[in-house]
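Participant: Before I ask anything, let me first share the structure, which is written out below as structure tokens.
Values quoted throughout were computed directly from the atomic coordinates according to the rules given, and no laboratory measurement underlies them. Predicted model, so just to flag it, every value in this text is computed and none were measured. When we count neighbours, we look across all protein chains shown, and the Cβ atoms used for this are built from the backbone with ideal geometry, even at glycine.
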């Protein structure tokens, strides 16, 4: 859930995240046709417990980012793969990229899961129907000019 920060907070946007009851139902969500995806009322029913809130602030003028932020100090409880807590950092760049860095830690503050070298970088999907990964690299007879807002490709 995204909403403006309360006035007493020193941030611009709150981004709250929640667990999903049946994660299997959401695998390959974006690859499915609309009629094969869970409907809005189903999604609302699948929301489980609250996880955490990341407080985002507008970036200073001249920086590459629009917003950046992280979980509160100390992160939030997490028990996956030996962790006792985890942290999240999020950056939204001016070019449409989203960088996210989630890490889990044990009681001794050792990182037990998550990327170690830097954040995952999600880049905007190409605006055309051209598949640049095609083995033949032959462009299609026509290109879709409509940009698909909110679509991202994972770049490892």
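Participant: Once the Cβ-Cβ distance between residue 81 and residue 127 is put in as r, and R0 is 35 Å, what FRET efficiency do you end up with, to the nearest 0.05? Display every interim value, and only then the final one.
Facilitator: Numbers: r = 38 Å, r/R0 = 1.07.
So, using R0 = 35 Å, E works out to roughly 0.40.
Participant: Once fully extended, how much extra length lies between residue 97 and residue 29, figured as 0.36 nm per residue of separation less the alpha-carbon to alpha-carbon distance?
Facilitator: Full extension from residue 97 to residue 29 adds 22.5 nm.
Participant: Want the number for residue 50 to residue 120: 0.36 nm per residue separation, take away the alpha-carbon distance, what's left?
Facilitator: 22.9 nm
Participant: Rank the residues 102, 35, 12, 22 as a footprinting-exposure proxy: fewest other Cβ atoms within 10 Å of their Cβ go first. Don't jump to the answer; show the numbers that get you there.
Facilitator: Details: 102 17, 35 6, 12 13, 22 10.
Fewest-to-most ranking of 102, 35, 12, 22: 35, 22, 12, 102.
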